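Visitor: Encoded as structure tokens, here's the structure I'll be asking about.
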């Protein structure tokens, strides 16, 4: 797979680790600076990715394009790519529902592209056994081969388009959904004046929960601006399966209340619960 040309949309923290993984296996990785800010440029330069100023130029060169963006932007980005009549392999690696993945499949095929459904589990691939990308679709094996020998573990899921996304939704339903639940519980206890009593009871019967809720605040609150959309995608996945979706609709609301922490560094659980309570309807 050496010398394959891969286009990356876009080099955020996760995206740049995926681009770096493709470079490790011998690919040239392109990114477009069109509409991107200085932090994106720095990440791309630090990873030695090849800059293209316009999306149209990137699409004219890349054999495989990988979309890694906040879930609320996934469909719009696919539409933008399709508008340029891209005819390579388009990989959507975003945290979206199976229905959204199938919709994107239809969108990119109108431009002539093949589609591979992807789901990323784990933090950015900065060391081995940390991050996995699940892929499905008829060209999934070709995409997985791009990452052979890299820090990213690319795994092919046998089945129809949407199953890689479904796996991601099922996984994140617990990991991120449970963080939202923990933060909601802390906010409730604070509002009712029983937080101290709850902490004492947790110390006796559930000693791991205080630490878990603190970690949810420091780890999830700065990412809440994009987790809200991911929770809605999960809710849509449950609803489409005939299952109750209210768990994750509520989780989306909790994360929506925390969107102002986007640039915060390790906010405390007290700050986070205060924000949740203060945003009550």
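Visitor: Regarding residue 173, is this residue assigned by TED's automatic domain parsing to the domain that holds residue 94 and either over 18 Å from the mean Cα position of the chain (by Cα) or under 30 Å from residue 138 (Cα atoms) (or both)? I'd like the intermediate steps shown before the answer.
Guide: Details: assigned by TED's automatic domain parsing to the domain that holds residue 94: no; either over 18 Å from the mean Cα position of the chain (by Cα) or under 30 Å from residue 138 (Cα atoms) (or both): yes.
So residue 173 fails the test.
Visitor: Related question: Could you pull out the residue among 65, 108, 91 that is farther than 24 Å from residue 231 by Cβ, free of Cβ contacts under 8 Å to residues at least 60 places away in the same chain and part of a strand (DSSP E or B)?
Guide: Details: 108 fails: part of a strand (DSSP E or B); 91 fails: farther than 24 Å from residue 231 by Cβ.
Selected residue: 65, the only one of 65, 108, 91 that is farther than 24 Å from residue 231 by Cβ, free of Cβ contacts under 8 Å to residues at least 60 places away in the same chain and part of a strand (DSSP E or B).
Visitor: Please pick out the residue among 30, 9 that is assigned by TED's automatic domain parsing to the domain that holds residue 106, without any contact (Cβ under 8 Å) to a residue 40 or more places away in the chain and either touching a strand residue (DSSP E or B) at 6+ places or on another chain (Cβ under 7 Å) or closer than 26 Å to residue 148 by Cα (or both). It would help to see each step written out before you state the result.
Guide: Numbers: 9 fails: without any contact (Cβ under 8 Å) to a residue 40 or more places away in the chain.
Only one candidate passes the filter, namely 30.
Visitor: Which residue out of 225, 202 is under 17 Å from the mean Cα position of the chain (by Cα), surrounded by fewer than 22 Cβ atoms within 10 Å (Cβ to Cβ) and either modelled with pLDDT under 95 or not assigned by TED's automatic domain parsing to the domain that holds residue 96 (or both)?
Guide: Numbers: 202 fails: under 17 Å from the mean Cα position of the chain (by Cα).
Only one candidate passes the filter, namely 225.
Visitor: So, in region 156-178, of the ones that are in contact with a strand residue (DSSP E or B) (Cβ under 8 Å, 6 or more places away or on another chain) and without any contact (Cβ under 8 Å) to a residue 60 or more places away in the chain, which residue ends up nearest to residue 280 (Cα to Cα)?
Guide: Ranking the candidates gives 171 first.
Visitor: Scan region 136-145 and give yes if some residue there is in the same structural domain as residue 76 (by TED's automatic domain parsing) and closer than 14 Å to residue 14 by Cβ, otherwise no.
Guide: Residues of region 136-145 in the same structural domain as residue 76 (by TED's automatic domain parsing): 136-145.
From what's left, closer than 14 Å to residue 14 by Cβ: none.
Looking for residues that are in the same structural domain as residue 76 (by TED's automatic domain parsing) and closer than 14 Å to residue 14 by Cβ, one finds none in region 136-145, hence no.
Visitor: So, one more: Which numbered condition in (1) modelled with pLDDT of 95 or more; (2) more than 19 Å from residue 226 (Cβ to Cβ); (3) part of a helix (DSSP H, G or I) is the only one that residue 31 fails?
Guide: For residue 31, the exception is condition (3).
Visitor: Of the residues 151, 181, only one is in contact (Cβ under 8 Å) with a residue 40 or more places away in the chain, under 30 Å from residue 17 (Cα atoms), touching a strand residue (DSSP E or B) at 6+ places or on another chain (Cβ under 8 Å) and surrounded by fewer than 19 Cβ atoms within 10 Å (Cβ to Cβ); which? Even if it seems obvious, please write down each step before you answer.
Guide: Values: 181 fails: touching a strand residue (DSSP E or B) at 6+ places or on another chain (Cβ under 8 Å).
So the residue among 151, 181 that is in contact (Cβ under 8 Å) with a residue 40 or more places away in the chain, under 30 Å from residue 17 (Cα atoms), touching a strand residue (DSSP E or B) at 6+ places or on another chain (Cβ under 8 Å) and surrounded by fewer than 19 Cβ atoms within 10 Å (Cβ to Cβ) is 151.
Visitor: Something else: Can you tell which of 4, 41 is surrounded by fewer than 24 Cβ atoms within 10 Å (Cβ to Cβ) and either out of contact with any helix residue (DSSP H, G or I) (no Cβ under 9 Å at 6 or more places or on another chain) or farther than 26 Å from residue 137 by Cβ (or both)? If you could, list the steps in order and put the result at the bottom.
Guide: Numbers: 4 fails: either out of contact with any helix residue (DSSP H, G or I) (no Cβ under 9 Å at 6 or more places or on another chain) or farther than 26 Å from residue 137 by Cβ (or both).
Just a single option satisfies the conditions, and that option is 41.
Visitor: Looking at (1) touching a helix residue (DSSP H, G or I) at 6+ places or on another chain (Cβ under 7 Å); (2) within 28 Å of residue 24 (Cα to Cα); (3) buried (at least 16 other Cβ atoms within 10 Å of the Cβ), which one does residue 139 not meet, given that it meets all the others?
Guide: Going through the list (1) touching a helix residue (DSSP H, G or I) at 6+ places or on another chain (Cβ under 7 Å); (2) within 28 Å of residue 24 (Cα to Cα); (3) buried (at least 16 other Cβ atoms within 10 Å of the Cβ), residue 139 breaks only (1).
Visitor: Being out of contact with any helix residue (DSSP H, G or I) (no Cβ under 9 Å at 6 or more places or on another chain) and more than 21 Å from residue 117 (Cα to Cα): is that true of residue 32 here? Spell out the reasoning first.
Guide: On the way: out of contact with any helix residue (DSSP H, G or I) (no Cβ under 9 Å at 6 or more places or on another chain): no; more than 21 Å from residue 117 (Cα to Cα): yes.
Considered against the rule, which asks whether it is out of contact with any helix residue (DSSP H, G or I) (no Cβ under 9 Å at 6 or more places or on another chain) and more than 21 Å from residue 117 (Cα to Cα), residue 32 comes out as no.
The values are calculated or read from the model by the stated rules, or taken from the named source; none is laboratory data. Because the structure is a prediction, the values reported are computed rather than measured. With ideal geometry, Cβ positions are generated from the backbone for all residues, glycine too; neighbour counts draw on all protein chains shown.
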